[in-house]
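Shown next, in structure tokens, is the structure this report addresses.
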Amino acid sequence: MAEKRLQKVNPRSLSNLKPGSESDYGEVKKRRSIAVTDTGYEGLRLLAQACGCSLSEYLERLGRGMICAGDVTNVMRSP
């Protein structure tokens, strides 16, 4: 049986999803759905953690060209 992973929830993330709430970018955020493997998800989560932000915020910054995945890929490499 798969283990259920407890996820930390940023209170600002939840408030950004309330209908009509503007994000820090002057636009309303909408829920989206993506499909990734467990390995891909874990990698994204680690990249976001290395940047000090939530996965949602990491994807927002990546999509806006504010960060590059290559900036933090060293966190995923084993010593």
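The values are calculated or read from the model by the stated rules, or taken from the named source; none is laboratory data. Here the structure is a predicted model, which means the values were calculated and not measured. All Cβ positions, glycine included, derive from the backbone under ideal geometry; neighbour counts span all protein chains shown. With ligands, DNA and RNA removed, areas are computed over all heavy atoms of the protein, side chains included. Shrake-Rupley method; radii C 1.70, N 1.55, O 1.52, S 1.80 Å.
Would you point out the residue of region 55-76, among those that are at pLDDT 90 or above and either among the hydrophobic types (A, V, I, L, M, F, W, C) or over 18 Å from residue 25 (Cβ atoms) (or both), that is surrounded by the fewest Cβ atoms within 10 Å (Cβ to Cβ)?
Looking at residues that are at pLDDT 90 or above and either among the hydrophobic types (A, V, I, L, M, F, W, C) or over 18 Å from residue 25 (Cβ atoms) (or both), I get 66.
Based on this model, can you work out whether residue 14 counts as modelled with pLDDT of 90 or more, among the hydrophobic types (A, V, I, L, M, F, W, C) and open to solvent by less than 100 Å² (accessible area, probe 1.4 Å)? Let's see the steps before the verdict.
Numbers: modelled with pLDDT of 90 or more: no; among the hydrophobic types (A, V, I, L, M, F, W, C): yes; open to solvent by less than 100 Å² (accessible area, probe 1.4 Å): yes.
Taking the combined requirement at face value, the residue does not satisfy it.
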